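Where a number appears in this text, it was derived from the coordinates with a stated rule and is not lab data. Predicted model only: the values in this text are computed from it and were never measured. Here Cβ is always computed from backbone atoms with ideal geometry, including for glycine, and neighbour counts include all displayed protein chains.
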Amino acid sequence: MQADSTTSRPGHEDAAWLSSQITPGARRRLLLATAAGVLAGWLAIVQVGIIAWLVHALLVAGTDAERLTTAFGVWLLTIPLRSAGLAVRDQLALKAALGIREHLRQRLMRQAIDLGPVGLAHIGTGRASAALLDQLDALEGYYARFLPQCVLAVILPLSIIAVAAFLDWLAAALLFLALPLIPLFMALVGMGADAVNRRQFVALERLSGFFLDRLQGLATLRQLGRGADTAAEMRSTTDSYRRRTMSVLRVAFLSSAVLEFFSAAAIAMVAIYVGLGLLGYLTIGPAPELTLFSGLFILLLAPDVFAPLRELAQHYHDRAAALGASRGIRELLEQPSREPPRSAGGAVMPPEPAPVAVRDLRLAYGDSKCFLSGLSFQLDARSSLILTGPSGSGKSSVLQAVMGLLAPAGGSIHIAGQTVGAFRPGGLEAGIGWLGQNPQLLPGSLRDNICLAAPDASEAAIRRAADAAGVSRFADALPDGFDTEIGERGAGISGGEAQRVALARLLLKRPPLVILDEPTARLDPESRQLVLDALRRLTGQCTLLVASHQPEQFDWIRQHLDLRDYAAS
C-alpha cells in the first residue's frame, strides 16, 4: 500500500520511506483490513437501499407491512455484519502498525548497539530518546488509520457514485464533480502541515535533551543559585513547544473545516435536485423519472460519499505527524557506524585470562583528525598495565577501543589472538569486566544490581563478592540488608557505596579481562581504600588494564604507559 503525497520533494521521500518499512506480514494485515473496510462500506449501501425500498413500498406501493418482514430482517442482519467488518478493519490495521513499529524499534536498537555509547554521545540523549519513543509512537496512526483510509476514500465513494449513476446519472455527476474538490483543498491546506510537524518534532527533541540535562545537573544548578533562572527557562521552552503544538492542531482543524464545507455544499445540491425533481419542478435529464425509492436512495447515499473522505481528513494529521517523525528516525538509522574487521566465525572470549595486543593504534572521532597515533603495547595474560596522561590525552578512548565501542582509525587490537570488532553482545565483550568512575546502577535491590552480570550466582558467591568489595559493611546495617531497594543511578546510597556495589558485580562476574577507568575518582578515603584493596587482590587472577590520573594509587602495577608520547601532531 502506498500513501500519496502532494507535498514537496522531502514529503515524497518521507512517504516513500514510510511505505518501504511495511513488512510482508504487516502488508497482508493492511490488505485484509482494507478489504474488511470495503465490505463494511458496501454493507452500508445495502442498508440504505433496503431502507429506501421499505419506505417506497409502504408509502407509494402500499405493500402490507407483514410482507416486508424478510427485507427488514435482512436489514437487521447487516447491522452486526457491518460492525464486525469495522472491528476487524481496526484490529488488523492496529496489529499491522504495532508490528511495523516493533520492527523499526528493533532496527533502532541494533543501530544504537552498532554506534555504541561513543556514537550515541554525539547524537544526544534527547534526540535518541525522542526517536525511540515519541517519533516511533507517531507512526502508529499513519499505518493503522491513514493508509487503509486512503484506499477506502477512493473505492467507497466511487462505488456509491456508480450505484447512484445506475439510478440517476445527473445526481451521480453532481457528486462526482464535487468529489475531487475535497482532496484538492485538503492537499493545499496540508502542504505546510509536514513542515509544521517536522519543526514540532525538532522542538520535542530539543525539549527532551534540555529537560534531561537540567534534571541531571539539578544539584549543581541549586548550588550555583540558578534554580529560578532554570525554572524560567523551562517555562519559556515548554511554552514554545505548546505554541508549536497548537499550530499543528490549527492545520488539522482547518483541513476538517474545508472538507465539511464542500461536503455540505455537495449534499445540499443533491438534496435540492432530488426535491425539485420529485416535485416536478425539474425536467432536465433524468429528473422526471425520479421516484421516491431512487430519490431517497440517492439522498441517503450522498453523505456516505463523503464519509470516507471525512474520516481521511480526521487522520490527515496522522500522516503529517508521521512524515515529521520519520525524518528523525531516518537520520538516526542512517548514522554511519564504522566497523573494524571481525575474526572469522565470531570472536569469543576464552574463560582464562587473555593477553591484549595493540599494534599501531590510531584514534579519531568520526572524520575528524586523529588525536592519538602509533600506540602499541603488549599485555600478557594475568599481567597489569596502567595508562596515564593528562585529561584529553585519550585514556578513556583507548579503553573504549579495546572494548569495541570506538572504531580505530587505523591499527589493530587483538584479545587472545582474536581481532576486536564492533560491539556485539555475546562476543569478546562478554568476557570483559568494566568499572568506571560513574557506576551504572538500576532501580532494584542491592542483590539485583550485584547479580546483573551473573543472574544464576549462588547466595554464597554473592556474599563473597560483596565482602571483597566492602558492600557487606554497609548492607548488613540496613534494615532490609541486600534486599534494600535503590533508585536510578544508585539513589539512596552514597557515591562510594554505589562504586562498591559496581565492584562487587565485577568480582562476581570474574571476567578474564578487567578494564578500569578512574575507578577511585570522587571517592572518600575509606571507600577508595576498600576499592583499591579489592583491585589489588585481582592481580594475577585476570588481565588488568587501568586508566588513571593518579598512578601512585596503583603502586603494585609495574607496567606504565604515558599517552602523551602518542599524541598526534
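Rg over Rh of the range 462-569, using C-alpha atoms and the Kirkwood radius, what does it come to? Could the numbers behind the result be given before it?
Details: Rg = 15.5 Å, Rh = 15.1 Å.
Taking Rh as the inverse mean 1/r over Cα pairs, Rg/Rh reads 1.02.
Go through 162-170, 66-74 and give me the packing order, highest mean Cβ count within 10 Å leading.
Working: 162-170: 17.4, 66-74: 11.0.
Put in order of decreasing packing, that is 162-170, 66-74.
Scale the Cα Rg of the range 14-333 by the rule-of-thumb value 2.2 N^0.38 Å and send over the ratio, two decimals. Walk me through the numbers on the way to the answer.
Numbers: Rg = 26.0 Å, N = 320, 2.2 N^0.38 = 19.7 Å.
Relative to the rule-of-thumb radius for its length, the range 14-333 sits at 1.32.
Using a 7 Å offset from Cα along Cα-Cβ at Asp90, what residues in the range 136-156 end up with backbone N under 15 Å from the label point?
141, 144-146, 149
Can you tell me the 0 to 90 degree angle between the C-alpha axis of helix 181-190 and the longest principal axis of the chain, rounded to 10?
20 degrees
In nm, give the distance between the simple-model label positions of Asp448 and Thr69, each being 7 Å from the Cα along the Cα-to-Cβ direction.
Modelled inter-label distance: 6.5 nm.
The range 20-162: percent of C-alpha pairs farther apart than 25 Å?
Details: 5144 of 10153 pairs.
Roughly 51 percent, once rounded to a whole number.
Which of rounded, prolate, oblate describes the range 356-566, given a ≥ b ≥ c as roots of the alpha-carbon gyration tensor eigenvalues and a/c under 1.5 marking rounded, otherwise prolate only if a/b is larger than b/c?
It is prolate, given that a/c is not under 1.5 and a/b is the larger ratio.
Compute the relative contact order of the range 448-514 as a whole-number percentage, counting only Cα pairs closer than 8 Å that sit 6 or more residues apart in sequence.
Values: 52 pairs, mean separation 34.3, N = 67.
Relative contact order of the range 448-514: 51 percent.
Which of rounded, prolate, oblate describes the range 520-569, given a ≥ b ≥ c as roots of the alpha-carbon gyration tensor eigenvalues and a/c under 1.5 marking rounded, otherwise prolate only if a/b is larger than b/c? Please report the intermediate quantities before stating the final value.
Numbers: a/c = 2.88, a/b = 1.51, b/c = 1.91.
Oblate is the answer for the range 520-569, as a/c is 1.5 or above yet b/c matches or exceeds a/b.
Over the chain, what relative contact order in percent results from Cα pairs under 8 Å that are six or more residues apart?
On the way: 850 pairs, mean separation 87.3, N = 569.
Normalised by residue count, the contact order of the chain is 15 percent.
Hey, can you rank 550-560, 386-396 by average C-beta count inside 10 Å, highest first?
Numbers: 550-560: 13.5, 386-396: 18.0.
In descending order of packing, they fall as 386-396, 550-560.
Between Ala268 and Glu331, what is 0.36 nm times their sequence separation minus the Cα-Cα distance? Round to one decimal in nm. Could the numbers behind the result be given before it?
Working: separation 63, 0.36 × 63 = 22.68 nm, distance 4.82 nm.
Full extension from Ala268 to Glu331 adds 17.9 nm.
On a full-extension model of 0.36 nm per residue, what is the gain between His549 and Ala228, subtracting their alpha-carbon distance, rounded to one decimal in nm? It would help to have the intermediate numbers written out before the result.
Details: separation 321, 0.36 × 321 = 115.56 nm, distance 3.66 nm.
Additional length available on full extension: 111.9 nm.
How would you classify the chain from its alpha-carbon gyration tensor, with a ≥ b ≥ c the square roots of the eigenvalues: rounded for a/c under 1.5, else prolate if a/b is greater than b/c, otherwise oblate?
Numbers: a/c = 3.04, a/b = 2.81, b/c = 1.08.
Prolate, because a/c is 1.5 or more and a/b exceeds b/c.
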